[in-house]
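Below is one structure; the comments refer to it alone.
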Amino acid sequence: SLWKSAQLIDSEEYYEESLNSEVYDAIHEVFPFCNLIIGSQKELLLATNTRYLQTAIEVLQRRTKACVIEKNIEQGCCAYLSSDSAKKHEGFAVNVFNTLGVKNAFLSGFLRGWIESKSIEESMSWGNACGAIVASRKNSYLEMPYEEELQEFFRNQQTVSKLQPVHRQIIVANKLKK
């Protein structure tokens, strides 16, 4: 496993440059074929064996023309489109109950936009919205948002508290369809 091959070495949670060489080589062979790379700061540092995010982005951009997305649960995300172009989406403020499943929710929302050829800003907004909605739920990993909830979230200026009735209605309607 990529993540098991790294060692945590300091309080800033920086990963030592200790990737298994086979894993590192395999990852770097794939980069030229990617058109999208998504990872947290730690994941991007580990994948590039660098210490600083900007250096990691530069390494990736030398090896691929991929859009690189750095995801950060608390601060939203940033898209690095080229060496001189980055776009940030701040994310949404919510009361966090649980962070389990938040990264998966972000990825599902972001990919929804990306696959539908939406703008990078809209894709980041959907990703952050899905992450915010999931983080605000007690059983977060079990309750990924439905399309109707995302639409309601954006209509109500990102007010998560109004989504619970919408979520229940969708679940009941889906059970009735079965």
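The values are calculated or read from the model by the stated rules, or taken from the named source; none is laboratory data. What you see is a predicted model; the values in this text were computed from it and never measured. Glycine also receives a Cβ, built like all others from the backbone with ideal geometry; neighbour counts cover every protein chain displayed. Just the protein is used for accessible areas: all its heavy atoms, side chains included, with ligands, DNA and RNA removed. Shrake-Rupley method; radii C 1.70, N 1.55, O 1.52, S 1.80 Å.
Modelled with pLDDT under 85, more than 23 Å from residue 151 (Cβ to Cβ), surrounded by 17 or more Cβ atoms within 10 Å (Cβ to Cβ) and not polar (S, T, N, Q), is that true of residue 24?
Against the criterion (modelled with pLDDT under 85, more than 23 Å from residue 151 (Cβ to Cβ), surrounded by 17 or more Cβ atoms within 10 Å (Cβ to Cβ) and not polar (S, T, N, Q)), residue 24 qualifies.
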Residue match in segment 27-39 (condition: open to solvent by 40 Å² or more (accessible area, probe 1.4 Å) and assigned to a strand (DSSP E or B)): yes
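How many of the residues in segment 76-100 are of a type in the set (A, V, I, L, M) and farther than 22 Å from residue 63 by Cα?
Total satisfying the criteria: 4.
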Cβ-Cβ under 9 Å pairs, at least 6 apart or on other chains, segment 79-100 side within 24 Å of residue 144 (Cβ to Cβ), far side open to solvent by 60 Å² or more (accessible area, probe 1.4 Å) and not in a loop (DSSP other than H, G, I, E, B): 79/86; 79/87; 79/88; 79/121; 89/121; 95/161; 98/141; 100/141
Members of segment 136-154 that are surrounded by 16 or more Cβ atoms within 10 Å (Cβ to Cβ) and farther than 22 Å from residue 87 by Cβ: 136, 137, 140, 143, 144, 145, 146, 149, 152
Condition broken by residue 103, with the remaining ones in (1) surrounded by fewer than 15 Cβ atoms within 10 Å (Cβ to Cβ); (2) within 12 Å of the chain's Cα centre (by Cα); (3) at pLDDT 85 or above satisfied: (1)
Where a residue in segment 141-154 is closer than 15 Å to residue 107 by Cα and its partner, wherever it lies, is hydroxyl-bearing (Ser, Thr, Tyr), with Cβ under 7 Å and at least six apart: 144/108
Members of segment 106-119 that are closer than 13 Å to residue 150 by Cβ, more than 12 Å from the chain's Cα centre (by Cα) and either β-branched (Val, Ile, Thr) or surrounded by 18 or more Cβ atoms within 10 Å (Cβ to Cβ) (or both): 113
